[in-house]
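Have a look at the structure below, then the notes.
Rule-based calculations on the coordinates, nothing more; no lab input. Please read all numbers here as calculations on a predicted model, not as lab measurements. Cβ: placed from backbone, ideal geometry, glycine included. Neighbour counts: every protein chain shown.
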């Protein structure tokens, strides 16, 4: 039995509890949060889902959970600005990590995480769970195998609604120092998908816009990317869609075909064409499987046994983060940014956009 602890018992913790309870090899053994009620709810949810009242330790001080010698894996689901700090402490205790996105709010911290994971041999799974969704995995394999031919152009879209109350209910949301920005939080999955399909970017130009004046970070982001393979990409994201979320979309145009996937849950294959291949029913069937969180956990467990890093490692997590940081810097500098970039910290944005 592998024992797991959760630091941060908010909304995201519930998704992890639902997955942990399904895997026989895992046992939730400890939780930590500054809110006692949040810890109790997380424990109650877990016990309800496994059907028994197993003992789960509570730690108001998260460092005590990290020091608990019975814990093998730690899920980090705290506010964005603490992700890197807590992850470094966990790895130095010789434990494995499930790290919510973003991995850090600076490239310096991201590089420190990578170094420490190598030094301690800790396995770190970054929660870009969409990479484990069967439909998206299949499409990425098709792109990689050149079934769509040379990838020429891809567009990644995010159209969400975040009311003013979403930011006013917390003293950290919407701040550059603790939250990190709309693209870093809501948009990072779609940026990651764009890079996963198209490969590494060589240059980025971007502009930001802000509508909600009571916060610091952007509500609108646009980016133009040049990829090392010669293809181009477009990012368009916003959290001012009214009256409710419209969802997500990723479209790729290649030499021999194209596809578009979107919808509220990003699982609707609205278009797919491959030259000399008429049947796409297999892909539409894969769209029904949205169990990516479960597959993500299984990958970590296999990585521990096989002594390798998970498929979505810190290196993969840094790639999406660096692209977003380059877009942020492009907005500040009003110039094209070449990748890789030197260290960037979201605090550099200073509350100014445009």
**Request:** Return the single residue from 329, 22, 131 with maximal mean-square fluctuation; model: Gaussian network over the chain, springs between Cα atoms under 10 Å.
**Result:** 22
**Request:** Can you work out the PRE-style zone for residue 232? Point 7 Å along Cα to Cβ, and I want the residues of the range 181-213 with backbone N under 19 Å.
**Result:** 194-195, 197-208
**Prompt:** Going by alpha carbons, how many degrees (0 to 90, nearest 10) lie between the helix axis of 83-92 and the longest principal axis of the chain?
**Reply:** 50 degrees
**Request:** Return the ratio Rg/(2.2 N^0.38 Å) for the chain, where Rg is computed over Cα atoms only.
**Result:** 0.99
**Asked** Extent of the range 52-165 along each principal axis, from alpha carbon coordinates, in Å, largest to smallest?
**Response** 52, 42, 40
**Asked** How big is the Cα convex hull of the range 236-354 in projection, averaged over all directions, in nm²?
**Response** 11.8 nm²
**Extension gain (nm, one decimal) between residue 241 and residue 3, 0.36 nm per residue minus Cα-Cα** = 81.5 nm
**For the range 144-242, projected area of the alpha-carbon convex hull averaged over all directions, nm²** = 6.8 nm²
**Complete:** With only helices counted (DSSP H, runs n ≥ 4, each -39500 (n - 2.57)), the per-residue ellipticity at 222 nm for the chain, to the nearest 500, works out to -10500 deg cm²/dmol
**Item:** Calculated FRET value between residue 335 and residue 44, using beta carbons and R₀ = 45 Å, to 0.05
**Value:** 0.30
**Message:** Give the separation of the Cα centroids, the range 266-304 to the range 72-143, in Å.
**Reply:** 22 Å
**Message:** Could you check the spin-label model distance between residue 290 and residue 159? Points 7 Å from the Cα along Cα→Cβ, value in nm.
**Reply:** 1.8 nm
**Average Cα contact separation per residue, the chain, under 8 Å, 6 or more apart, as relative contact order %** = 19 percent
**Message:** As a footprinting exposure proxy, order 137, 228 by other Cβ within 10 Å, with the fewest listed first.
**Reply:** 228, 137
**Asked** Quick one: if the Förster radius is 35 Å, what FRET efficiency do residue 298 and residue 85 give, using the C-beta to C-beta distance and rounding to 0.05?
**Response** 0.80
**Item:** P(r) of the range 1-101 over all Cα-Cα pairs, binned every 5 Å from zero, in whole percent
**Value:** 2, 14, 29, 28, 19, 7, 1
**Request:** Taking the chain as the reference, fit the longest principal axis to its C-alpha atoms, fit the long axis of helix 36-50 to the helix C-alpha atoms, and give the angle between the two in degrees, 0 to 90, nearest 10.
**Result:** 80 degrees
**Per-pair calculated FRET efficiency, R0 = 41 Å: residue 281 and residue 306 via Cβ, rounded to 0.05** = 0.75
